[in-house]
Every structure is written in structure tokens, then in C-alpha cells.
Amino acid sequence: MNTSTPNRHSRLEALGIHVPETVVTTRELTEGISAVRDADLQRITGVAERRVYDPDPAAAENSFSMALSAARDCLAASRYGAADLDVVISASITRFTDGGRFTFEPSFASLIARELGARRAVHFDVSNACAGMMTGVYLLDRMIRSGAVRNGLVVSGEQATAVAETAAREVTDSYDPQFASLSVGDSAAAVVLDASTDEADRIHYVELMTCSEYAHLCMGMPSDRSQGIALYTDNKKMHNRDRLKLWPRFHRDLLAKQGREFTDEAFDYVIQHQVGTRFIDYVNQTAETEFGAPMPTSLAVVEKYGNTATTAHFLTLREHLRAGTARPGSRFLMVPAASGVVTGALSATITNMGV
Amino acid sequence: MGMVIAAAHTATHHGAGPACAVALASRAARACLEQAQVSPSSVGVLINVGVYRESNTFEPALAALVQKEVGINLDYIADPAPAAGFSFDLMNGACGVLNAVQLAQSLLDTGSADRALITAADVHPGGDARRDPHYPYADLAGALLLQRSADPDAGFGPVSVYAGDGPTDTEGYLDTAAMGSDGRSRITVRRTEGHGARRSAHAAACTAAYVREHGIDPDRTLVVGPRAAHDNVVAGEPHTAAPILGYLRALAAPRPADRDRLLIVTAGAGPSAACAAYRPEGW
């Protein structure tokens, strides 16, 4: 069934999200942490507040329920029903179901496909740190372009604040490897992709790479000091200038192969990974130097939602499209930055996507 | 041009230290590159499909750690001849290898990669499967190197994935509400009574559906089923690496005179099953 053509493209057809109702401010989070002052956390990360899952077992709000809710929100905005889906890809890093079970099998994707009623969908999970949803979009784009499938759903639900709970118990100061865990927030996002029929709605390209020398700089696993999952990040090495140059160098080389430069892309907006306000500024400044060109308007939601891991780019996109602070018909650049380390670029024009 | 298995290897745990999925996967992967005589930089995409891993690590993708061990795209800027290798973990229980084969077909078809490396490594998070009587799987890895073939008759047919009816028979999870500070070494794999028979029935139904949908002649096909690799070579059941082990066994045996292709079948938690026809080069 290989009907691949070089000029075949996919598009972002619909986008849905779920965010928990509970808001926790950085002041509230740091009240119980003697080693960290809220002023330090807010100054370093720019995160003023984040959404946090409801810990009441009766509420059953977890990675899985949030992912399902985002998938339903997305399908409500899509022309497709669940039964029409050819593929369901789940990209959660935190795979929590009821009762605090962190799931390894069956795949979240198989459970989500079943709950949605996507009976005949190919299903699998991808796990690629904060680049997980972007990885799912990359794979679905290739499956659509190769003619293997017509459409699909990429979904992720993140109960990321589970690592913040552990950090709140264990962190000793702002240089602690768990310090970054205090900046995360919970959310879910889902996108439907299908074939692009015109340039008004098109993923022009999505390219990713992993520079594995730095694979150990951010590791997530259960804590060995208390009951909880933890994330240990060497922030200094992870976010140093040489790491941040990887995306612009890679992107510049990709464009050069087609005889193009960054300014030729005429991006209207850039969405960086939502690590923190300083991080976003630093990445954009580094890129301006590397590309020798100004960055487009940088969209962010990190002040309001924190670092929402795999969902960050799509949560940002949805919030700004809904608020009217990003215009339909624009060209968006999304840049992942994830443990691995994974970077790359997604270029898309978005006009009629259901939100 | 079809996509073929250029090399396949497995790696078992031996030695005194704890079993490590990254180390086992890397060993199997390096053996594939050596056999095919290709460099790490020629691998465009590495897909790791293992489920159970050391310390229950959930970030980064274990694929990135395997990629580092194998020496693929260490640092794009520092490398004088950079090749932008990419990697990720794919998890779908026992069906991961065939999901990855399907993705590799799309990646090769779109020119996104010239070669794809699949690793399938499972280890008990505590480092020794034999010490946990409730954990059924073996500490074992497999790897496949996939590339295009000039032989138009060789290679993989379509991959089909089937969701089964009924609840999942197998659940693997870490109970974070009861793990205490031992979460790095604990894992629960719960299987309902009769799961083996139901898995076999699901695999058989999917095999029949695949044969019908794709016009396969069953009399000319050697089925490499989900239990093909289960004997006593390793302690415990091969998990995600089972189809790689089954494939190697099928090719190591004399080819039955009336068979000219394989049908690789996997089935497991979900319930999910997957099938793919495969005609080896020169078989």
C-alpha cells in the first residue's frame, strides 16, 4: 500500500486539552519547603502557578483520565469520530492510572483506543521525555505521508506534579537536582492529524534528532529516599549554551539543504518548550545569534501552567488560538527540548484546525 | 523495494552484576551493526520497544541511552561529519517489535531514514528476574537492523494490528502507593488465569484474519508465533524480544521445502495482537 509521494503532507486537523481545576500558586507550593523560597522559584522559573490533579481517589484524576478527557475534547472539534481513527498514539511520560499505578503494559494507547471506541486503530505508546507528543506527531506525519494510514490521534496526559511532590519532600536548595521538578504542572493535550489538501493547513516539515552524549543529564525514576517518583536534572549542563545551539544548527542545516534560510520561512510565531521564562528567552536569544535573524513572536503559557512536559507546545498553541493572541492563518514553529537530548523543528501553517 | 532484516541478534544476561536493559539492547544492537558491516552513523532511527527496565526509569527514553552506547549521533555540533540520528521508546507490550517494523516502513518509504535499528530489551527493574517468583519474563534483549533490499520479492508485507475483545489479561505496573522507597526494584505483573490459552486463541484469530485480508497462502507460510521462542534457553519467558528470537530460530532451522515465507505473529496485553508476513532474502 505504498503510495508515498514526495509532496504529500499531513496537517493538524483538531486540538483538544484538559487541565485540572485546582490551581496551586508558587507561594502555596513553597510554603512547606524550608529549603526553597517562593521568590527564588518564581524568579528562576517564571512560574507563578500551575494546575494540579485532584488527589482524592474518588475524583480519579490521573494521567489516564486527563488523556482521555483531552482526546474527547479533541474529537469534539474534529471532523472524525473515534471509530474513524486509523492510529492512536499515547505519549505520556507519567503513566498513572487509578490508585497510583504507574503502568508499563498494556499500552496507554490500547486503553485509550478502547475507551474512545477506536476499535480498529493501530495503537502504541511512545516515550521520549518532553518530546513525546512531538515524536508522536512526527511518526503519524510519516505514516500519513507514506500512505500507510489516513489519520490518527496523538494524545498525552501528564500527572507531572507527582515529581514535584517528591521534590517538595527531598529538595535541599535551589541547586538540588530535583529543583526543576518544582516547576511542573499537570495537563493533557490531544491532536488529530490527517492529509493536508492545501497550504492553509499543513505541516510543512517536522524533523527531530537525539544527541545522545547528554542522555544522562535528566533521569526520571522512583526516589530511593521516600515514596514517590522523581526527576533528577543537571540543569547547568542540560541548558548550557552549547546544548541550546543544537536546534538552530540542526534547523539551519536542514534549510540549507533546500537552499533556504531561517528568514525565508516567514514564521509568525515560535513556541519553545515551556521550561521557564528565562529558558525561553535564552533559547530565543541563542537562536537569533545562530541564525543571524530575529525570532518571531514567542508564545508562552509557562507563567500560568508551569512546565507541562509532553503537552507544553500544544497547550500553548491552544491557549493562544483560543485567546486570540495567535492568529489563524499563521505559520508556527515549534521547538522541542527534551531529555535525550531531543531537539528539532515543526513548521506548520494552521488556519482551520478545530480548537 | 522491500524492507528486510539485514541483521538480527539477541543478548542474554550473564555475569554477576544486575541485568541492564540498556547494556543488553546495546550489545544486541552492536552485534547487528558488526554483522551488517555498517557504521553507527548510518542508522537514521533507533526504536527501543522494551517494556521492563532497570530502576523503572521513565525518562529519558531508554533508546537515547542505547543510542549513546552504540555511538549514534553523540553530539551533532561536535561531530565533524554530523548525521542527525533520532531515537525514541515505543511501548506496546509483546507487539512492540511489529509496531516498530510498521513505523520503520513509513520512515524508509518517506526517505526519513535509510536504516532503522529496533531494540527489544526487558529486565526486571531490580536487576535479576530469577529472584522474583511472581515476575514471568526473562532478562533478555533482541535487536533488528532494517534496510531496503534490491530483491523485489524479499521483505516485509503489511503489518496489521488487532485489538481483542474483553479485558486485558496482563497488567504490568509499579504500585506507587505501596512501593515505599523501594520503587526502583519493584514491579507487579498480574496475569489472569487462563491468559495463555486466551492469548493463543487471539493470536490464532488474528493470524486467520491476516491470511484472509492479505491473500496469504497458509500452506506456503511458516508461522513464527508468540510462543515460538519459549523454551529453556533463558530463565523466564522472552517478552518483547520474542519475535526476534523466533525469527532467528526459524532461519537457523532447515527451511521446510514447501514454505517460502514467514508470518510473524505477536500477542499480549491489551489484548493486542500484530501480524506481518516476511520473506527473507535468499531463503
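Derivation of every value follows stated rules applied to the coordinates shown; laboratory data play no part. Quantities reported herein were computed from a predicted structural model and do not represent experimental measurements. So basically every Cβ, Gly included, is an ideal-geometry build from the backbone, and we count neighbours across all protein chains shown.
Is there a simple number for the mean count of other chain Cβ atoms within 10 Å of the Cβ of residues in A:228-235, and what is it?
2
Longer than 26 Å from Cα to Cα, which of A:Lys236/A:Lys304; A:Lys236/A:Lys257; A:Lys237/A:Lys257 are they? Say none if no pair is.
A:Lys236/A:Lys257; A:Lys237/A:Lys257, as the Cα separations exceed 26 Å there.
With r as the distance between the Cβ atoms of B:Asp153 and A:Glu115 and R0 = 41 Å, compute the FRET efficiency 1/(1 + (r/R0)^6) and round to 0.05.
Efficiency computed from Cβ-Cβ geometry: 0.45.
Which value, to two decimals, describes the C-alpha radius of gyration of chain B once divided by 2.2 N^0.38 Å?
0.98
For a quick protection proxy, order the peptides B:176-182, A:132-138 by their average other-Cβ count within 10 Å, most packed first.
Put in order of decreasing packing, that is A:132-138, B:176-182.
Averaged over B:101-108, how many beta carbons belonging to a partner chain fall within 10 Å of each residue's beta carbon?
Mean partner shielding for this stretch: 6.
I want to check the label-to-label distance for A:Asp40 and A:Arg150. Put each point 7 Å from Cα in the C-beta direction and report it in nm to one decimal.
A separation of 5.7 nm, rounded to one decimal place.
Of all the Cα-Cα pairs you can form in segment A:134-291, what percent are over 20 Å apart?
64 percent
Rounded, prolate or oblate for segment A:202-350? Axes are the square roots of the Cα gyration tensor eigenvalues, ordered a ≥ b ≥ c, and the cut-off for rounded is a/c under 1.5.
Cα axes put segment A:202-350 in the oblate bin.
In whole angstrom, note down how far apart the Cα centers of segment B:73-100 and segment B:204-274 are.
Computed from Cα coordinates, the inter-centre distance equals 26 Å.
Which number comes out as Rg/Rh for segment B:18-98 once both Rg and the Kirkwood Rh are worked out on C-alpha atoms?
0.97
By per-residue mean of other Cβ atoms within 10 Å, what is the highest-first order of B:162-170, A:51-59?
B:162-170, A:51-59
Express in whole angstrom the spacing between the alpha-carbon centres of segment A:318-355 and segment A:10-86.
Using only Cα atoms, the two centres lie 18 Å from each other.
In whole Å, how far is the Cα centre of segment A:115-183 from that of segment A:213-247?
A separation of 16 Å, based on Cα centres.
Do any GluC sites (Glu not before Pro) in segment A:1-82 lie in a DSSP loop with no more than 10 other beta carbon atoms within 10 Å, and if so, which?
Sites meeting the loop and neighbour criteria: A:Glu21.
For the protein assembly as shown, place one equal point scatterer on every Cα, skip the solvent, and apply the Debye formula. What is log10 of I(q)/I(0) at q = 0.07, 0.12 Å⁻¹?
Rounded to two decimals, the profile gives -0.39, -1.25.
Run the reach check for A:Lys245 against aspartates and glutamates, Cα to Cα strictly under 14 Å, same-chain hits fewer than 8 apart removed. What comes back?
Result set, ordered by chain and number: A:Asp253, A:Asp281, A:Glu288, A:Glu290, B:Asp75, B:Asp79.
Mind checking the full-extension length gain between A:Asp242 and A:Ala60? Use 0.36 nm per residue of separation minus the Cα-Cα distance, one decimal, nm.
61.3 nm
Spin-label point model (7 Å from Cα, Cβ direction): what's the A:Arg169 to A:Ala77 distance in nm?
Result for the modelled spin labels: 3.7 nm.
What is the calculated FRET efficiency for A:Lys257 to A:Thr197, with r their C-beta to C-beta distance and R₀ = 22 Å, to the nearest 0.05?
0.25
To the nearest whole number, what is the average tally of beta carbon atoms from other chains within 10 Å of the beta carbons of peptide A:129-139?
4
About the Cα centre of segment A:10-195, how large is the charge dipole given +1 on each Lys and Arg Cβ and -1 on each Asp and Glu Cβ? Please answer in debye to the nearest 20.
That gives a dipole near 820 debye.
Among DSSP bridges having both ends in the protein assembly as shown, what percentage is antiparallel? Round to the nearest 5.
Bridges in the protein assembly as shown that DSSP calls antiparallel: roughly 75 percent.
Please report, largest first and rounded to whole Å, the three semi-axes of the ellipsoid equivalent to segment A:57-172, where each semi-axis is the square root of five times an eigenvalue of the C-alpha gyration tensor.
Computed over segment A:57-172, the values are 27, 16, 11 Å.
Could you work out the pair-distance distribution P(r) of chain A from its alpha-carbon pairs, with 10 angstrom bin width and percents rounded to whole numbers?
Each 10 Å bin holds this share of Cα pairs: 6, 26, 36, 24, 8, 1, 0.
How about segment A:167-276: which chymotrypsin sites (Phe, Trp or Tyr not before Pro) there are in a DSSP loop, with at most 10 other Cβ atoms within 10 Å of their Cβ?
A:Tyr175
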